[in-house]
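A quick write-up on the structure given underneath.
The values are calculated or read from the model by the stated rules, or taken from the named source; none is laboratory data. What you are looking at is a predicted structure, and each value in this text was computed from that prediction instead of being measured. Counting neighbours? That spans all protein chains shown, and the Cβs are built from the backbone with ideal geometry, glycine included.
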Amino acid sequence: MSITKRPSGRGSKSDGGAGAQAQALPRLLQHAPERWKLMARLATRLRASKILLLMFAPAALYYAVFEYGPMFGIVIAFKDYNVFQGVWASDWVGLKYFRYFLIENPDFPELLRNTALLGLYSLIWGFPAPIVLALLLNEFRHQPFKRLVQTISYLPHFVSNVVVASMLILFLSPDGGLVNRLIGMFGGEPVYFMSKPEFFRTIFVSSGIWQSVGWGTIIYLAALSSVDPSLYEAAELDGAGRWRKMRHVSLPGMMPVVIILLIMEIGGLMGTGFEKVFLLYNPLTFETADIFSTYTYRIGLMHGDFSYATAIGVFNGALGFILIIAANYAARRFQETSLW
């Protein structure tokens with residue numbers, strides 16, 4: 001007589017019952033509501049990605065505290081903020097400060113022009129510079145020289161704006177500055193570059209190109225490395241030289257990356273950096289150097305008008321939002337690449 005053992009329903013010692021539980025889970029999910037199924041799948045994915053989530057946690061915490069948290073302070077722009085009363089107890093004034101800044105403030109046209117021109121000149125001259133450098137570096141066959149050029153062009157990115165501004169002030173100083181010494185060698189008179197409004201934009205944009213051109217090539221060189229080498233071979237068989245291969249193979253191959261970065265640059269057109277402008281400008285150059293961020297600093301921190309300063313910041317942010325939406329729409333309409 002044979003004896004048939006009945007299954008015990010418990011897992012073996014080797015798997016501690018985990019195998020039986022894993023087999024039972026799908027059967028339980030078959031009869032569970034759809035919401036429970038989604039929660040179970042989410043919990044499974046979270047457990048599987050716990051290491052990645054731990055690595056992402058510091059970045060998420062940074063953005064939550066320093067980027068998204070301060071966004072609640074936007075309400076100050078619509079209130080007559082009083083430090084002693086607090087945000088919620090201060091009187092609601094609606095669009096009062098927006099109307100004053102856009103309509104009644106005589107400085108608004110000049111601020112808008114300066115901010116737009118600094119951003120536009122930086123975009124026109126600064127954005128193509130790393131693209132051109134990446135294309136030229138891609139054509140170098142002498143690797144030691146290529147690495148040397150890359151290293152030298154990358155280094156200015158790691159120099160702080162404070163040091164860059166100090167270098168510019170020293171080099172352009174009328175009393176013994178390098179540039180004025182060269183002018184004097186040719187019989188010219190010293191030029192007070194830092195006190196002349198007509199020179200400020202050139203100084204700002206050119207120094208910005210020097211700082212960022214090498215670092216920007218990293219992304220474009222990475223994009224060029226993904227171009228299929230067979231395309232270069234086919235172009236060479238067709239008789240294309242270096243310039244034609246650069247134009248018809250290299251540049252189209254990196255175009256999706258160019259478009260994405262161009263959209264982001266256009267979005268930041270009105271967000272010209274405060275720090276460098278603040279370090280370089282002075283009251284003599286306000287007519288070409290004073291921008292939204294420096295004006296906000298003076299109104300908010302020096303004069304203590306927090307509501308008015310917040311309204312200016314909100315307006316500037318809204319302009320940037322409109323620009324990036326428009327740039328993305330144009331890219332999606334005329335090209336296949338866009339941010340969303």
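Just the residues that are closer than 21 Å to T285 by Cα and either of a type in the set (K, R) or buried (at least 18 other Cβ atoms within 10 Å of the Cβ) (or both), please, taken from segment 177-202.
G177, N180, F193, M194, K196, F200, R201
How many residues are of a type outside the set (S, T, Y) and surrounded by 10 or more Cβ atoms within 10 Å (Cβ to Cβ) if we restrict to segment 56-70?
The qualifying residues number 7.
Any residue that is of a type outside the set (S, T, Y), farther than 16 Å from E275 by Cα and surrounded by 13 or more Cβ atoms within 10 Å (Cβ to Cβ) - is there at least one of those in segment 154-164?
The answer is yes, given that some residue of segment 154-164 is of a type outside the set (S, T, Y), farther than 16 Å from E275 by Cα and surrounded by 13 or more Cβ atoms within 10 Å (Cβ to Cβ).
From A311, A235, A327, A289, which residue is free of Cβ contacts under 8 Å to residues at least 24 places away in the same chain and either surrounded by 15 or more Cβ atoms within 10 Å (Cβ to Cβ) or farther than 23 Å from P70 by Cα (or both)?
A235
Which condition does N282 not pass, out of (1) surrounded by fewer than 16 Cβ atoms within 10 Å (Cβ to Cβ); (2) in contact with a Leu (Cβ under 9 Å, 6 or more places away or on another chain); (3) under 23 Å from P109 (Cβ atoms), if it passes all the others?
(2)
For T272, which of the numbered conditions (1) modelled with pLDDT under 90; (2) of a type in the set (S, T, N, Q); (3) in a helix (DSSP H, G or I); (4) surrounded by 14 or more Cβ atoms within 10 Å (Cβ to Cβ) fails to hold?
Condition (3) is where T272 drops out.
Considering only residues of segment 100-131 that are loosely packed, with under 13 Cβ neighbours inside 10 Å and hydrophobic (A, V, I, L, M, F, W, C), which is farthest from L261 (Cα to Cα)?
I103
Condition (residue is of a type in the set (S, T, N, Q) and more than 31 Å from the chain's Cα centre (by Cα)) applied to segment 154-171: is it met by at least one residue?
Among the residues of segment 154-171, not one is of a type in the set (S, T, N, Q) and more than 31 Å from the chain's Cα centre (by Cα), which makes the answer no.
Considering only segment 182-224, state which residues are in contact (Cβ under 8 Å) with a residue 12 or more places away in the chain, more than 30 Å from L111 (Cβ to Cβ) and either touching a Lys or Arg at 6+ places or on another chain (Cβ under 9 Å) or not in a helix (DSSP H, G or I) (or both).
P190
Consider S338 carefully, then state whether it is small (G, A, S) and surrounded by 18 or more Cβ atoms within 10 Å (Cβ to Cβ).
No; evaluated as a whole, the condition is false for this residue.
Of S212, S230, S206, which residue is over 19 Å from W125 (Cβ atoms) and either outside the structural domain of L133 (by TED's automatic domain parsing) or small (G, A, S) (or both)?
Only one candidate passes the filter, namely S230.
Out of V179, V191, which single residue is over 33 Å from the mean Cα position of the chain (by Cα) and within 29 Å of T272 (Cβ to Cβ)?
Sole residue among the options that is over 33 Å from the mean Cα position of the chain (by Cα) and within 29 Å of T272 (Cβ to Cβ): V191.
Which condition number does Q150 fail, the rest of (1) at pLDDT 90 or above; (2) under 24 Å from M255 (Cβ atoms); (3) in contact with a Leu (Cβ under 8 Å, 6 or more places away or on another chain) being met?
(1)
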